[in-house]
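First comes the structure, then the notes that go with it.
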Amino acid sequence: MELESQALWLGLLKIIWINLILSGDNAVVIALAARALPPEQQRKAIFIGSGAAVVLRVLLTLVAVLN
């Protein structure tokens, strides 16, 4: 697929849009899960949860691209 291909850029924009929507959902879920924790554990939970969400999103995107 060439870089000038309209299908490539449209597909890329769709993936970016979906990732933005899912990022908002992840932030809400992580915040709800961490709200009852003490402040120090909240920071750790938010950091680990956000990191895991990013890693999973990258891995699942790669799986989708490779199939």
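The values are calculated or read from the model by the stated rules, or taken from the named source; none is laboratory data. The model shown is predicted, which means the values in this text are computed figures rather than measured ones. Heads up, the Cβs are rebuilt from the backbone with ideal geometry, glycines too, and the neighbour counts pull from every protein chain shown. Remember, those area values only see protein heavy atoms, side chains included, never the ligands or the DNA or RNA. Shrake-Rupley method; radii C 1.70, N 1.55, O 1.52, S 1.80 Å.
I need the P(r) histogram for region 11-67: all alpha carbon pairs, bin width 5 Å from 0 out to the longest distance, whole percents.
The percentages, shortest bin first, are 4, 18, 23, 21, 14, 10, 6, 3, 1.
Just to confirm, what accessible area per residue do you get for the chain at 1.4 Å probe, in whole Å²? Don't skip to the end; give the middle numbers.
Details: 5750 Å² over 67 residues.
Heavy-atom SASA per residue in the chain reads 86 Å².
Leaving out ligands, DNA and RNA, and with a 1.4 Å probe, what % of the accessible surface on region 19-67 is carbon or sulfur? Please list the in-between numbers first.
Numbers: 2920 of 3910 Å².
About 75 percent, which is the carbon plus sulfur part of the accessible surface.
Charges only on Cβ, +1 for Lys and Arg, -1 for Asp and Glu: so what's the dipole of the chain about the Cα centre, in debye to the nearest 20?
Details: 5 positive and 4 negative charges, 68 e Å.
With Lys and Arg at +1 and Asp and Glu at -1, about 320 debye.
Using +1 at the C-beta of Lys and Arg and -1 at the C-beta of Asp and Glu, which of SER5, ALA31, VAL54 has the Cα lying farthest in the positive direction of the dipole of the chain?
Checking the options against the dipole of the chain, the answer is ALA31.
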